[in-house]
Amino acid sequence: HVVPPSPRRTRIHPGVTMKFCRAMLGFSALTVGQSISYQMDYASEVSPVQKVIQLMQNMVSQGEKEMQDEKVQFASYSQWCTMTQDKKTQVVADAADAIESMQADVDKVTANIERLASEISGHQKEIEALSLEQDNITQVRSAENADYKVAKKDYVESIDALDRAVATLKKQAYDRKQASGDEEASLLEMPEVSGISQRHSKEVKESINAFIQSSKNPEVAGYEFQSEGVLSMLSDLQDKFVLEKAELDKIEFEKKAAYERTLAGLKNEEDSEQKGLDKKTALKSKKMQQKAQLQDNLESTKSTKTADEEYLKDTSTTCQQKASDFEERQKLRVEELEAVKKAIDVMSSSSVSGNEKKHLAKSFVQVSRSTSLASLRRHIKKEVQDKLVAFLQSEADRLQSKVLAKLVAPTAASAAMVSIKDMLQSLLDKLQNEATQEQTKKDHCNKEIKTNKATRAEKTASIDELQADIDMLEASVKQLKEEAAALGEDIGELDQSVANATELRGKEKAKNNETVTDAKAAQDAVAQALSVLKEFYEKAGQATALVQTNTQSDQPAIFDAPYKGMGGESGGVLALLEAIAADFAKLESETASEEEAGADSYKSFMQESKLNKKQMELDMKHKQEIATEQAADIQEKSNELMEVQKELDASQKVWETLQDECLNTGKSYQEQKEQREETIESLQKALDMLSL
């Protein structure tokens, strides 16, 4: 007897596969019975020990193959983990950059909105100030007009009263004894004089009193009309009031014209401010819409980034766990193979295999009923084997399973029930392992398909949104450029209008100056003519006033009264000259007023044109700046659109790969699963048949 060397201690993990256990149990079933002694044929070509060694060697081969398959599987999974983590990390980083860019866009639009709000507030305040100023000047104008109407009424009443007083006195134009002071004072009691307005009554009374005082002189011999001085005095007052009324009308006209010009200018400024307010209010509304869209995009990107980060975290955790599990599984497989190999060494040693040949190669006969029992067991084995073959064949036909069909011939040809059972069990384990792997693959496919679908939907929505933004911005840029070009044309037309108005104003001013100069010259000439005539008539009156009346009868007839000029003829000439002088004075006054009004109108036009041009230039500049900003936004969004399109194309390629791997596999997953489960069920029944 040879004692085998002590084997190296090998730790056998509790999780060692059941294949080795079943093989050892099968071997024990051949050697251990319930108080039954039986004969084993150790003289056959393949002894029981050799059969066990073969089974364990098959286990080693199968374990090494499964270990290698697991390595290949994990290598593929590890590669997927690396690619997925790298891709998601890049996606998260890109999303962070996009969020930063979007936040910058939101901040920029917010700043524009705040600036527009400030400008809108400025326009509103300016409109309120202009409206208040219009109310103020209107109140002042109303008060001035009311004063004018009162004064004009007084002048009209006084002039009318004087006119009636003069008419009354002219009716009394006949010679009489010189009136006394009391009789002259009765003038103040005339209804016509007492009808003079209160504003002018004092002045009229003072003039009459002055006249009465000057008329108190020695009584003139003879009778003559003594109220001619009063008539002259009242006529002078009437003329004075007429001139003052004309001056009052002129001042009222000038004030009214100045008020209307000022009011028109203020209204123009208010209209300009209102236009600016309307434009900036509309622009602010557009900016608010743009901000809302940008914020929606920002929140969507943040939500997507959070989902991607969560997915990346879950994937990293799962991949780390799988890597740890893989290392543990590989370690267990190595320990299992070492244990099985050690068992093979033990069974192959002389202690077992050698002693089998040495001691157990003889025929052991059962003490009682050994021959009949062995014969019975062989008969039972053959009957079970035939039933098993028939069962496998029928199940293969029913399920159309190539796996079961391939088992029929080996099962029929096998001489050892243990080998058949091990073959069935091995196939059962393989199918169960395939089911587990298929389920893992199915879960992986479902998750990837769902993720890919969400990604493609998100990218498609982003593309649609970006394209819509680009279309909106392009339309806005086109409109802004057209509006800026139109403003440029308006500015050119305004400059031409200013040039034309300046040329016209120069001609008008020159003509008015010429007219005023000519009117002044004419007035001077008429004044000289009046002076000459009046001087002549005064001298003529003085020269003839010394002529004495000749009472000689033989003297030829001659004037007997002082000569005072040609009477009506001279009076008509002088009156005509005075009227001509008044007309030239009126022409000068009206022309000067027209010149002043024209100058004011030109000044207002120039100021308004300057303001309008400045506003149009600002509007044009603003539109050009906005168009430039939006053009930059278009370029930025176009670049973003290209990047999102690339991401969508990549997701589409992943989708095509997933279709090939997960969907286009011939049979559906459910059909494969049901067929595999039925095959496993059939194999389990076959194993149950062997256990009977």
Report summary line: Taking a crude spin-label model, label points 7 Å out from Cα along the C-beta direction, the Glu100 to Lys450 distance in nm is 3.3
Report summary line: Note, Lys509: beta-carbon cut-off 14 Å, +1 each Lys/Arg, -1 each Asp/Glu, net -3
Query raised in the report: Quick one: length gained pulling Lys507 to Gln54 fully straight, 0.36 nm per residue minus the C-alpha distance?
Result: 150.2 nm
Report task. Would you tally the net charge around Glu617, using a Cβ to Cβ cut-off of less than 12 Å, leaving Glu617 out, and scoring K and R as +1, D and E as -1? Result -> +2
Report summary line: Net charge near Ala627 (other residues with Cβ under 13 Å of its Cβ; Lys, Arg +1; Asp, Glu -1) is -3
Report summary line: Cα-based Debye curve of the stretch 288-344 sampled at q = 0.16, 0.25, 0.28 Å⁻¹ gives log₁₀ I(q)/I(0) of -0.68, -0.91, -0.98
Requested in this report: Would you list which aspartates and glutamates come within 16 Å of Lys280, measuring only between C-alpha atoms, while excluding same-chain residues fewer than 8 positions from it?
Outcome: Glu114, Glu119, Glu126, Glu270, Asp271, Glu483, Glu617, Asp619, Glu625
**Report entry** Cα centroid of the stretch 589-624 to Cα centroid of the stretch 469-540, whole Å
**Finding:** 11
Query raised in the report: Per the 1.4 Å probe, what fraction of the accessible area of the stretch 573-692, in percent, lies on carbon and sulfur atoms?
Result: 54
Query raised in the report: Could you name the aspartates and glutamates in cross-link range of Lys302, using Cα to Cα under 13 Å and dropping any fewer than eight places away on the same chain?
Result: Asp94, Asp97, Glu100, Glu310, Glu458
Requested in this report: For a quick protection proxy, order the peptides 307-320, 132-145 by their average other-Cβ count within 10 Å, most packed first.
Outcome: 307-320, 132-145
Query raised in the report: To the nearest 0.05, how large is the calculated FRET efficiency for Ala579 and Gln139 if R₀ is 41 Å and r is the Cβ-Cβ distance?
Result: 0.50
Report summary line: Given a 1.4 Å probe, the accessible area of the stretch 283-323 per residue, as a whole number of Å², is 61
Query raised in the report: Given R₀ = 51 Å, FRET efficiency for Leu332-Ile463 by Cβ-Cβ distance, to 0.05?
Result: 0.55
Query raised in the report: Measuring from label point to label point, each 7 Å out along Cα→Cβ, what is the Ser316 to Ser593 span in nm?
Result: 9.2
**Report entry** Filter on Lys255/Lys586; Lys245/Lys509; Lys459/Lys481; Lys87/Lys459; Lys153/Lys520 - keep pairs with C-alpha separation over 21 Å
**Finding:** Lys245/Lys509; Lys459/Lys481; Lys153/Lys520
Requested in this report: Just list whichever of Lys71/Lys450; Lys149/Lys256; Lys88/Lys646; Lys71/Lys305 have alpha carbons separated by over 22 Å in the model shown.
Outcome: Lys71/Lys450; Lys71/Lys305
Report summary line: For the stretch 478-493, in residue order, the Karplus 3J(HN,Hα) values (coefficients 6.51, -1.76, 1.60; θ = phi - 60°; whole Hz; Gly and Pro = x) are 4, 5, 5, 5, 5, 5, 5, 5, 4, 5, x, 5, 4, 4, x, 5
Query raised in the report: At Gln295 and Thr436, where each label point lies 7 Å from the Cα along Cα→Cβ, what is the point-to-point distance in nanometres?
Result: 5.4
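The values are calculated or read from the model by the stated rules, or taken from the named source; none is laboratory data. For clarity, every value in this text was computed on a predicted model and none was experimentally measured. Cβ coordinates were reconstructed from backbone atoms using ideal geometry, including for glycine residues, and neighbour counts include every protein chain displayed. Note: areas computed on protein heavy atoms with side chains; ligands, DNA, RNA excluded. Shrake-Rupley method; radii C 1.70, N 1.55, O 1.52, S 1.80 Å.
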